[in-house]
Amino acid sequence: MSTITKEQYEFAQSRIEELLPLVDDNTPVNDKNAVELSMMSDIVIAYEKEHYPIEKPTVAELIELSLEEKGMTQKQLAKEIGVSASRVNDYINGRSEPTLKVARSLCRILGIRPAAMLGL
């Protein structure tokens with residue numbers, strides 16, 4: 001697909017808003033509105049990938065977000081993984097990276113996918 005202009009992107013966004021109320025889970029995939037919605041969505045996705053790429057979260061961000069989701073404190077996590085609370089703080093502030101053993105525990109306790117922890 002060639003590069004999408006800002007005007008095409010904005011048109012696709014407004015068209016999606018118009019099409020969304022006309023298409024639901026029961027709409028056949030070959031319905032003209034469903035086909036157009038799919039095409040407009042592809043345009044928006046392509047433009048956003050090019051102009052607003054999403055960086056993979058760092059180990060520090062993964063730990064911080066997972067703590068918030070679990071409602072855990074740094075102190076609770078430190079106790080669970082067997083390190084000091086200041087060490088957990090170092091991980092969250094990017095001053096230090098967890099060892100493989102600690103990373104494994106973080107994945108298990110916080111529900112972080114190992115691939116995400118490795119930056120994949």
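Here, each number is a calculation from the coordinates, and none is a lab measurement. Quantities reported herein were computed from a predicted structural model and do not represent experimental measurements. For neighbour counting, all protein chains shown are included, and Cβ atoms are generated from backbone atoms with ideal geometry for every residue, glycine included.
A compact table of results
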{"item": "Label zone at ASN89, where the point sits 7 Å out along the Cα-to-Cβ direction: segment 52-75 residues whose backbone N lies under 13 Å", "result": "74-75"}
{"item": "Calculated diffusion of segment 6-51, Stokes-Einstein form, Kirkwood radius summed over Cα pairs, 37 °C and 0.692 mPa s, µm²/s", "result": "304"}
{"item": "Chain lengthening between LEU118 and LEU20 when straightened (0.36 nm per residue, less Cα-Cα)", "result": "31.6 nm"}
{"item": "Kyte-Doolittle at least 0.5, axis length at least 20 Å by Cα - qualifying DSSP helices, the chain", "result": "none"}
{"item": "Calculated diffusion of the chain, Stokes-Einstein form, Kirkwood radius summed over Cα pairs, 37 °C and 0.692 mPa s, µm²/s", "result": "187"}
